[in-house]
Amino acid sequence: MRWVLVVSVALFAGIAAHGQVQYARGQDVAPVFEGWERNADGTFSMVFGYLNRNYEEEVDIPVGPNNTVDLGTSDAGDGKSGDRGQPTHFYPRRQRFLFRVGVPADWDKQQKVIWTLTLRGKTNQAKGWLQPVWELSPDVFVENMGGGVPDPNNKPPSITVGDVSAVTLSEGATLTASATDDGLPKPYRRSPSNPDRDSQPRRPRGVQIKWIQYRGPGKVTFDPDASAVVYGEPVALTSKAAFTAPGTYVLRATANDGQLFTSRDITVTVH
């Protein structure tokens, strides 16, 4: 009887096969330092993402005391104290490589860029610094995004997003985006000489455009939120965005070729 009771409790708690409890709602968000990049002008960029521990719930944390980026230097007078372009709308689970914080070429290798998030009484921090082990490369992006074996000749797709004027809450916004690519990586073809399942990416090869909400005072829904995955020709996507509250929103379109991606943001004012 005891064994049956334990199994029943585990099932109702939603414990996955590997023993990890999955929560649909009510959990916090942890910022993540992904690594740093070298820029052509000698400066560096600290790259961040996050883990929303909820499997279903989207949460919002406005820029301010509960969502702040600290460079360890005085921000007084620049009008951007704590605001370094971080998201305020958080989708469920792990979201990678979302924003960059630039630091100068002479940045102290021991100095940290700290992103702090507080939600439901719990504070989490991610600390970025210029240690060699954290340097990013295209291969790191591909491996973390599930793109299969990296193609060394692949370049990120290009994306163009149409401007959106101010809209009303009732009418919403019409969004347009288009993308082109270099045709790499080529579509995956398994052969008897290459049967390795681990080398196959998680989705078909080709370019896909996807919209997400990056910032805003309400919730945004996109119809549709993504294009089909298209290989070998330009991709275009027209979507309707609906808003639940007036205010200023930042929406992001991303073109992903299955290994590398490029994002563009637009700001939409909703009356």
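Are there any pairs, at least 6 apart or on different chains, whose C-beta atoms fall under 7 Å, with the first in the stretch 220-236 and closer than 13 Å to Ala173 by Cα and the second surrounded by fewer than 16 Cβ atoms within 10 Å (Cβ to Cβ) and among the basic types (Lys, Arg), and if so, which?
Asp223/Lys240
Only residues in the stretch 259-271 that are assigned to a strand (DSSP E or B) count as the first member; pair them with residues that are acidic (Asp, Glu), Cβ under 9 angstrom, at least 6 apart or cross-chain, and list the lot.
Short answer, once both residue conditions are applied: Ile266/Asp163.
Could you look through the stretch 215-258, keep only residues that are among the charged types (D, E, K, R) and part of a loop (DSSP other than H, G, I, E, B), and pick out the one that is surrounded by the most Cβ atoms within 10 Å (Cβ to Cβ)? First the steps, then the outcome.
Our first condition is that a residue be among the charged types (D, E, K, R); within the stretch 215-258, this holds for 215, 219, 223, 225, 233, 240, 252, 257.
Then keep just the ones that are part of a loop (DSSP other than H, G, I, E, B); that gives 219, 225, 233, 257.
Details: Lys219: 13, Asp225: 16, Glu233: 11, Asp257: 26.
Among them, the one singled out is Asp257.
Hey, any hits in the stretch 231-253 for a residue that's of a type outside the set (Ser, Thr, Tyr), in contact with an Asp or Glu (Cβ under 7 Å, 6 or more places away or on another chain), at pLDDT below 95 and on the phi < 0 side of the Ramachandran plot?
Within the stretch 231-253 (the criterion being of a type outside the set (Ser, Thr, Tyr), in contact with an Asp or Glu (Cβ under 7 Å, 6 or more places away or on another chain), at pLDDT below 95 and on the phi < 0 side of the Ramachandran plot), the answer is no, since none of the residues qualifies.
Find the strands (runs of 3 or more DSSP E) located wholly in the stretch 72-180 whose residues include 1 or more that are within 18 Å of Thr262 (Cα to Cα), and list them. If you could, list the steps in order and put the result at the bottom.
On the way: elements: 93-103, 113-119, 122-128, 158-161, 173-180.
Correct list: 93-103, 158-161, 173-180.
Yes/no per residue for (1) modelled with pLDDT under 95; (2) within 16 Å of the chain's Cα centre (by Cα):
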residue	(1), (2)
Met1	yes, no
Gln27	no, no
Pro31	no, yes
Gly85	no, yes
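Filter the stretch 29-52 down to the residues that are open to solvent by 10 Å² or more (accessible area, probe 1.4 Å) and touching a Pro at 6+ places or on another chain (Cβ under 9 Å), then identify the one that is nearest to Ala126 (Cα to Cα).
Leu51
Tell me yes or no: at least one residue of the stretch 43-53 is of a type in the set (Val, Ile, Thr), assigned to a strand (DSSP E or B), modelled with pLDDT of 95 or more and under 13 Å from the mean Cα position of the chain (by Cα).
So in the stretch 43-53, the residues of a type in the set (Val, Ile, Thr) come out as 43, 47.
So of that shortlist, the ones also assigned to a strand (DSSP E or B) come out as 47.
From the residues that got through so far, the ones that are modelled with pLDDT of 95 or more too are 47.
After this cut, where a residue has to be under 13 Å from the mean Cα position of the chain (by Cα) as well, the list is 47.
Yes, because at least one residue in the stretch 43-53 is of a type in the set (Val, Ile, Thr), assigned to a strand (DSSP E or B), modelled with pLDDT of 95 or more and under 13 Å from the mean Cα position of the chain (by Cα).
Pick from Lys155, Lys127: which is at pLDDT 95 or above and either closer than 20 Å to Asp225 by Cα or surrounded by 12 or more Cβ atoms within 10 Å (Cβ to Cβ) (or both)? I'd like the intermediate steps shown before the answer.
On the way: Lys155 fails: at pLDDT 95 or above.
Criteria check complete, one pass: Lys127.
Residues are listed down the side, and each one gets a yes or a no for (1) exposed (fewer than 13 other Cβ atoms within 10 Å of the Cβ); (2) touching a strand residue (DSSP E or B) at 6+ places or on another chain (Cβ under 6 Å); (3) within 30 Å of Arg205 (Cα to Cα):
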| site | (1), (2), (3) |
| --- | --- |
| Gly64 | yes, no, no |
| Leu98 | no, yes, yes |
| Val103 | no, yes, no |
| Asp106 | yes, no, no |
| Val113 | no, yes, no |
| Asp139 | no, no, yes |
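The values are calculated or read from the model by the stated rules, or taken from the named source; none is laboratory data. Computed from a predicted structure; not experimentally measured. With ideal geometry, Cβ positions are generated from the backbone for all residues, glycine too; neighbour counts draw on all protein chains shown. Only protein heavy atoms, including side chains, enter the accessible area calculation; ligands, DNA and RNA are left aside. Shrake-Rupley method; radii C 1.70, N 1.55, O 1.52, S 1.80 Å.
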